[in-house]
């Protein structure tokens, strides 16, 4: 009986470890061109709402993941702290009154990575599981 309880506890611990590992891989991280310094969540929010367009004297160009993607859901919930519908509505109004245009939306993590690496001041986000060696992680919420 004691062995059964011990094995069940070990199995439970293993399942919890797998769940934590899966959750870490599903976390969103912001990546930037090598010229982009580390930022905090408030700065990310300001950049993605158009309230800031540079860090220091470096012009920043942000891109979004595709609507409905897991990365975008995680980014909106974890960094922007708003529903995607509210974010889209925010940019619809802002564009209508002449206060800017929403960030470009890219379809895949590979496109986000390519854009960020090729664009001075480029910032985007991907899931942690999509990170490649050598990427400049500017925010890990």
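General observations
- Verdict on residue 56 being more than 16 Å from residue 29 (Cα to Cα) and loosely packed, with under 12 Cβ neighbours inside 10 Å: yes
- Helices (runs of 4 or more DSSP H) wholly inside the stretch 26-141 that include at least 3 residues being out of contact with any strand residue (DSSP E or B) (no Cβ under 7 Å at 6 or more places or on another chain): 41-48, 84-96, 109-118
- Residue check for residue 76: without any contact (Cβ under 8 Å) to a residue 24 or more places away in the chain, surrounded by 12 or more Cβ atoms within 10 Å (Cβ to Cβ) and either under 24 Å from residue 35 (Cβ atoms) or in contact with a helix residue (DSSP H, G or I) (Cβ under 6 Å, 6 or more places away or on another chain) (or both): yes
- Some residue of the stretch 5-19 being touching a helix residue (DSSP H, G or I) at 6+ places or on another chain (Cβ under 8 Å), part of a helix (DSSP H, G or I) and either surrounded by 14 or more Cβ atoms within 10 Å (Cβ to Cβ) or at pLDDT below 95 (or both): no
- Sole exception among (1) surrounded by 16 or more Cβ atoms within 10 Å (Cβ to Cβ); (2) in contact with a helix residue (DSSP H, G or I) (Cβ under 8 Å, 6 or more places away or on another chain); (3) in contact (Cβ under 8 Å) with a residue 12 or more places away in the chain; (4) on the phi < 0 side of the Ramachandran plot for residue 129, by number: (1)
The values are calculated or read from the model by the stated rules, or taken from the named source; none is laboratory data. Keep in mind the model is a prediction, meaning the values are calculated, not measured. All Cβ positions, glycine included, derive from the backbone under ideal geometry; neighbour counts span all protein chains shown.
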